[in-house]
Amino acid sequence: MNTEELLHKTGTTNVGIVFKEGIVLAADRKMTLGGMIVSSKKFEKVVMINEDLAMTVAGLVSDVQLITKIIRAQVKLDELRRGKKIKTTEAVSLLSNLVYNNSRKFSAIPGVTGFLVGGRDKEGFYLYELGMDGSLTKFDDYTTTGSGMLFATGVLEANFKEDLNLDEAIKLAVKAVNAAIQRDTGSGSGIDVLAITKDGVKKVFAKQIDSRISA
């Protein structure tokens with residue numbers, strides 16, 4: 001067994017949806033050890049950066065946690081220096097640079113991470129996908145990443161519409177992640193959903209799946 005197989009990794013389904021009043025981000029909760037053993041059933045993969053930004057996470061947990069701490073601190077520091085909030089595009093660019101540098105640094109353990117980022121500023125709402133290599137893609141409808149993305153994509157393709165309201169977007173996100181949980185071995189254990197609206201970032205759905213059987 002190599003070093004990477006000993007590390008916590010997440011097989012994941014992450015979903016981002018643009019609706020008429022903002023952004024919805026959703027993900028499952030399963031965390032695995034080397035992709036073979038379920039090491040946690042309560043790992044929340046949708047995290048709040050500040051009241052304007054949130055993201056889903058995937059990849060090696062140690063790298064994900066470090067990058068999350070850095071981007072939170074960097075965004076706060078930049079806002080303190082400027083005396084005003086930074087734009088979503090600026091925050092996403094900072095995160096993209098962190099992912100790019102992390103993936104290319106020399107290390108015995110490859111730094112593999114991936115993020116979906118939702119944000120708001122004076123100019124509107126934004127949904128971005130940050131690839132494992134630091135690539136940056138903006139979406140105006142929806143996107144999904146992770147090991148369960150094929151299953152989630154089918155649900156999104158069939159049910160997405162441009163005039164979704166918040167309740168409809170939440171239900172669609174849950175439906176998409178749930179479809180992956182049913183068929184993808186790397187996704188499961190529960191679902192978390194955050195919404196980014198004019199009122200800020202708020203958790204709007206949380207469900208732990210109890211798979212225990214008793215006689």
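Can you pull out every residue in the stretch 139-183 that is outside any helix (DSSP H, G or I) and loosely packed, with under 14 Cβ neighbours inside 10 Å? Explain how you work it out, then say what you get.
Going through the stretch 139-183, the residues outside any helix (DSSP H, G or I) turn out to be 139-148, 160-165.
Selection gives Asp140, Lys161, Glu162, Asp163, Asn165.
Looking at the stretch 88-102, is at least one residue part of a helix (DSSP H, G or I), aromatic (Phe, Trp, Tyr) and either closer than 30 Å to Gln182 by Cβ or modelled with pLDDT under 95 (or both)?
Among the residues of the stretch 88-102, at least one is part of a helix (DSSP H, G or I), aromatic (Phe, Trp, Tyr) and either closer than 30 Å to Gln182 by Cβ or modelled with pLDDT under 95 (or both), which makes the answer yes.
Can you pull out every residue in the stretch 121-137 that is small (Gly, Ala, Ser) and either loosely packed, with under 11 Cβ neighbours inside 10 Å or more than 14 Å from the chain's Cα centre (by Cα) (or both)? Full working, then the answer.
First, pick out the residues of the stretch 121-137 that are small (Gly, Ala, Ser): 124, 131, 134-135.
Those that are small (Gly, Ala, Ser) and either loosely packed, with under 11 Cβ neighbours inside 10 Å or more than 14 Å from the chain's Cα centre (by Cα) (or both): Gly124, Gly134, Ser135.
With the checklist (1) of a type in the set (Ser, Thr, Tyr); (2) touching a Ser or Thr at 6+ places or on another chain (Cβ under 6 Å); (3) modelled with pLDDT under 95 in hand, flag the one item Ser214 doesn't pass.
(2)
Kindly provide the set of residues from the stretch 115-137 that are closer than 16 Å to Ile70 by Cβ and either touching a strand residue (DSSP E or B) at 6+ places or on another chain (Cβ under 8 Å) or modelled with pLDDT of 90 or more (or both), ordered by number. Steps first, please.
Our first condition is that a residue be closer than 16 Å to Ile70 by Cβ; within the stretch 115-137, this holds for 115, 117, 130, 134.
Listed by number, the residues that qualify are Phe115, Val117, Leu130.
Counting only residues that are part of a strand (DSSP E or B) and within 19 Å of Ala58 (Cβ to Cβ), which one in the stretch 184-195 is farthest from the chain's Cα centre (by Cα)?
If we take residues in the stretch 184-195 being part of a strand (DSSP E or B) and within 19 Å of Ala58 (Cβ to Cβ), then Gly190 is farthest from the chain's Cα centre (by Cα).
Criterion first (crowded, with 23+ Cβ neighbours inside 10 Å and closer than 22 Å to Ser147 by Cα) does Lys41 satisfy it?
Judged against the criteria, Lys41 is not a match.
Exactly one condition in (1) surrounded by fewer than 15 Cβ atoms within 10 Å (Cβ to Cβ); (2) within 23 Å of Asp52 (Cα to Cα); (3) of a type in the set (D, E, K, R) is false for Asp192; which is it?
Condition not satisfied by Asp192: (1).
The values are calculated or read from the model by the stated rules, or taken from the named source; none is laboratory data. Nothing here was measured: the structure is a model prediction, and the numbers come from that model. When we count neighbours, we look across all protein chains shown, and the Cβ atoms used for this are built from the backbone with ideal geometry, even at glycine.
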